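The values are calculated or read from the model by the stated rules, or taken from the named source; none is laboratory data. Just so it is clear, the structure is predicted and the values come from calculations on it, not from any experiment. Cβ placement follows ideal geometry from the backbone for every residue including glycine, while neighbour counts extend to all protein chains displayed.
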Amino acid sequence: MTTPQQFDAIVIGSGQAGTPLSTALAEAGMRTALIEREHVGGTCVNEGCTPTKTMVASARVAYLARRGADYGVHTGDIRIDMERVRQRKRDIVNSFRNGSQGRIEKTANLELIFGEASFTGAKSLLVRQRDGGQRALTAGKIFINAGARPSVPTLDGLKSVPFLDSTSIMELDTVPEHLLVLGGGYVGLEFGQMFRRFGSRVTIVQSGGQLLNREDPDIAEEVAKILQQDGVEVLLNANANRTSRVDNSIRLGIQQHGHSTALAGSHLLVATGRVPNSDTLNLAAAGVQMDDRGFIKVNGRLETTSNGIYALGDIKGGPAFTHISYDDFRIIRTNLIGKGSASTDGRLVPYTVFIDPQLGRIGVTETEARAQKRNIRVAKLPMTSVARALEVDETRGFMKAIVDGDSNQILGAAVLGIEGGEIMSALEIAMMGKLPYTALRDGVFAHPTLAESLNNLFMAMDSGK
């Protein structure tokens, strides 16, 4: 092995933290290497947000086309061209990925290396390059943004079944006849509703007593109701215990309410969570500690247990969202380049589940607030009471906000409704500015907009309705 090549900084992974961090470090005058195993852009651009939301948009067009008569618009037979749906997805992904890679390659002081990195010491790495070669690198500071991947559950017979995960399902060129979805979390619900709208029969198998187990029960119940209205079969308290392939069918054995039964489908999507890509990094050689699930331990400044090594994004555990990964980059930039003192402590974590209607979430849930023995008030408004929702005939769901009974500060919100993520963001801005709920109750919003519903949400709470 040749003498290790010296850099000022090395970034492992070109995700939503690694890519902007590598360019920021290089532009600050640090000689930087960015190591990427497969595609620039990480999960978000290649297998996550960008492709899934592109396909969700296609599914919504199919949904609206079928509803045309509700608006007095009559269309012909609806036909889904999955090859065109897939190509549209691929084109957008390639555009995002290539644009990002082009900006990296034009940045001075920054070298993009395609390969797989593993630690050989506290400040040294071996990179097995995609072209078959190897390179030894060393740097004073190393940043890990290696992400996560779909988990594969321990399920009898699964190794002999051609199951799908959140990446491979987007490469289908035909609509499944009957899609079995194992897992009732964000990924399972988005794909389940999507393929139901494309024309598949869909069955969601959830081991828990509700979908979306981090959400309040009333939200989860309403989500299940919406999916069932769309024709999705939802099985709760259903534990999968075996699977097999019989001719052209996939069988999934489940235990539900003390009874055993077998489901038969044409395709099986396994959506039971994600695991960190820490197993190939040889972190022990660098003294970087992980938790019992393989996520890298960090403090509020994203420092690992090894001096000069940082972890950002999904690989450190916690909320696995693109915007959190990007904010991790901003924390590192502030502290190392801007000489500031930023931290993840107290950070608000917004997210949107892109079922239709969307579920926008911020802050604490009602369940969490009550468990903390907080003095709270709950504001709730059905979307059937929102003028804009009525006008566009999108009235499913409801809005909900948790308010501190002493300070009148908004502690959290769940908006399950048309453009729920956008309405949630307005509530988040109020939380960031520490506005009391009365500022939104009494604010003047344009009519008829969805934001105007914030007036009614908090007036309903004050009136006791």
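Any chance the range 419-426 includes a residue that's polar (S, T, N, Q) and in contact with a Gly (Cβ under 8 Å, 6 or more places away or on another chain)?
Looking through the range 419-426, at least one residue is polar (S, T, N, Q) and in contact with a Gly (Cβ under 8 Å, 6 or more places away or on another chain).
Pull up the range 220-268, narrow it to residues that are among the basic types (K, R) and surrounded by 15 or more Cβ atoms within 10 Å (Cβ to Cβ), then point me to the one that is farthest from R196 (Cα to Cα).
Selected residue: R242.
Could you please tell me which pairs satisfy a Cβ distance under 8 Å, a separation of 6+ or placement on different chains, a first residue in the range 283-295 that is outside any loop (DSSP other than H, G, I, E, B), and a second residue that is among the β-branched types (V, I, T)?
Close Cβ pairs (under 8 Å, with a partner that is among the β-branched types (V, I, T)) amount to L283/I296; A285/T120; A286/I142; A286/I309; M290/I296.
Within the range 102-133, restricting attention to residues that are in contact with a strand residue (DSSP E or B) (Cβ under 7 Å, 6 or more places away or on another chain) and in a helix (DSSP H, G or I), which residue is surrounded by the fewest Cβ atoms within 10 Å (Cβ to Cβ)?
Filtering the range 102-133 for residues that are in contact with a strand residue (DSSP E or B) (Cβ under 7 Å, 6 or more places away or on another chain) and in a helix (DSSP H, G or I), the one surrounded by the fewest Cβ atoms within 10 Å (Cβ to Cβ) comes out as E105.
With respect to the numbered conditions (1) crowded, with 17+ Cβ neighbours inside 10 Å; (2) in contact with a Leu (Cβ under 6 Å, 6 or more places away or on another chain), which one is the sole condition not fulfilled by L155?
In the conditions (1) crowded, with 17+ Cβ neighbours inside 10 Å; (2) in contact with a Leu (Cβ under 6 Å, 6 or more places away or on another chain), L155 misses (2) alone.
Scan the range 203-217 and report the pairs whose first residue is closer than 19 Å to A371 by Cα and whose second residue is part of a strand (DSSP E or B), with Cβ atoms within less than 7 Å and a gap of 6+ or a chain change.
Listed pairs, sorted by first residue: E215/A414; D216/A414.
Out of all the residues in the range 81-120, which are over 25 Å from the mean Cα position of the chain (by Cα) and among the hydroxyl-bearing types (S, T, Y)?
Once the filter is applied, which keeps residues that are over 25 Å from the mean Cα position of the chain (by Cα) and among the hydroxyl-bearing types (S, T, Y), the range 81-120 yields T107, S118, T120.
Going by what's in this entry, would Y326 be described as touching a residue at least 40 places away in the same chain (Cβ under 8 Å), part of a strand (DSSP E or B) and of a type in the set (S, T, Y)?
So Y326 does not fit the description; no.
Would you check if there is a residue in the range 70-78 being touching a helix residue (DSSP H, G or I) at 6+ places or on another chain (Cβ under 7 Å) and within 23 Å of T352 (Cα to Cα)?
Checked the range 70-78: no residue is touching a helix residue (DSSP H, G or I) at 6+ places or on another chain (Cβ under 7 Å) and within 23 Å of T352 (Cα to Cα).
In the range 290-325, what residues are under 21 Å from the mean Cα position of the chain (by Cα) and among the small types (G, A, S)?
Of everything in the range 290-325, those that are under 21 Å from the mean Cα position of the chain (by Cα) and among the small types (G, A, S) turn out to be G294, A311, G313, G317, G318, A320, S325.
Out of everything in the range 1-12 that is surrounded by fewer than 17 Cβ atoms within 10 Å (Cβ to Cβ) and in a loop (DSSP other than H, G, I, E, B), what residue ends up being modelled with the highest pLDDT?
Among them, the one singled out is T3.
Cβ-Cβ under 6 Å, sequence separation 6+ or interchain: first residue in the range 55-73 and farther than 19 Å from D173 by Cβ and in contact (Cβ under 8 Å) with a residue 12 or more places away in the chain, partner surrounded by 16 or more Cβ atoms within 10 Å (Cβ to Cβ) and of a type in the set (K, R). Which pairs?
From residues that are farther than 19 Å from D173 by Cβ and in contact (Cβ under 8 Å) with a residue 12 or more places away in the chain, the pairs are Y63/R197.
Just wondering, is there one or more residues in the range 243-260 that are outside the structural domain of T138 (by TED's automatic domain parsing), in contact with a helix residue (DSSP H, G or I) (Cβ under 9 Å, 6 or more places away or on another chain), closer than 25 Å to S200 by Cβ and of a type in the set (S, T, Y)?
yes
What do you reckon, is E368 surrounded by fewer than 17 Cβ atoms within 10 Å (Cβ to Cβ) and touching a residue at least 12 places away in the same chain (Cβ under 8 Å)?
yes
Run G15 past the list (1) free of Cβ contacts under 8 Å to residues at least 24 places away in the same chain; (2) assigned to a loop (DSSP other than H, G, I, E, B) and report the number of the one that doesn't hold.
Every condition holds for G15 apart from (1).
Would you mind listing the helices (runs of 4 or more DSSP H) fully within the range 385-465 where at least 3 residues are touching a residue at least 24 places away in the same chain (Cβ under 8 Å) and touching a Pro at 6+ places or on another chain (Cβ under 7 Å)?
Once the helices (runs of 4 or more DSSP H) in the range 385-465 are filtered for at least 3 residues that are touching a residue at least 24 places away in the same chain (Cβ under 8 Å) and touching a Pro at 6+ places or on another chain (Cβ under 7 Å), what remains is 387-391, 420-432.
Scan the range 22-43 for residues that are under 19 Å from E116 (Cα atoms) and either hydrophobic (A, V, I, L, M, F, W, C) or in contact with a helix residue (DSSP H, G or I) (Cβ under 9 Å, 6 or more places away or on another chain) (or both) and jot them down.
Within the range 22-43, S22, T32, A33, L34, I35, E36, E38, H39, V40, G41, G42, T43 meet the criteria.
Applying the selection to the range 329-345, what residues are more than 29 Å from S151 (Cα to Cα) and either without any contact (Cβ under 8 Å) to a residue 24 or more places away in the chain or small (G, A, S) (or both)?
The answer is T334, G338, K339, G340, S341, A342, S343.
With I418, I429 as the choices, which residue is aliphatic (A, V, I, L, M) and touching a strand residue (DSSP E or B) at 6+ places or on another chain (Cβ under 8 Å)?
Being aliphatic (A, V, I, L, M) and touching a strand residue (DSSP E or B) at 6+ places or on another chain (Cβ under 8 Å) holds for just one of I418, I429, which is I418.
Taking the conditions exactly as written (in contact with a His (Cβ under 7 Å, 6 or more places away or on another chain) and not in a loop (DSSP other than H, G, I, E, B)), does L179 satisfy them or not?
Spelling it out, L179 is indeed in contact with a His (Cβ under 7 Å, 6 or more places away or on another chain) and not in a loop (DSSP other than H, G, I, E, B).
Of everything in the range 134-176 that's polar (S, T, N, Q) and not in a strand (DSSP E or B), which residue is farthest from I315 (Cα to Cα)?
T174
Can you find a residue that is farther than 26 Å from P319 by Cβ, outside the structural domain of V187 (by TED's automatic domain parsing), in contact with a helix residue (DSSP H, G or I) (Cβ under 6 Å, 6 or more places away or on another chain) and among the hydrophobic types (A, V, I, L, M, F, W, C) anywhere in the range 350-364?
No, that holds for no residue.
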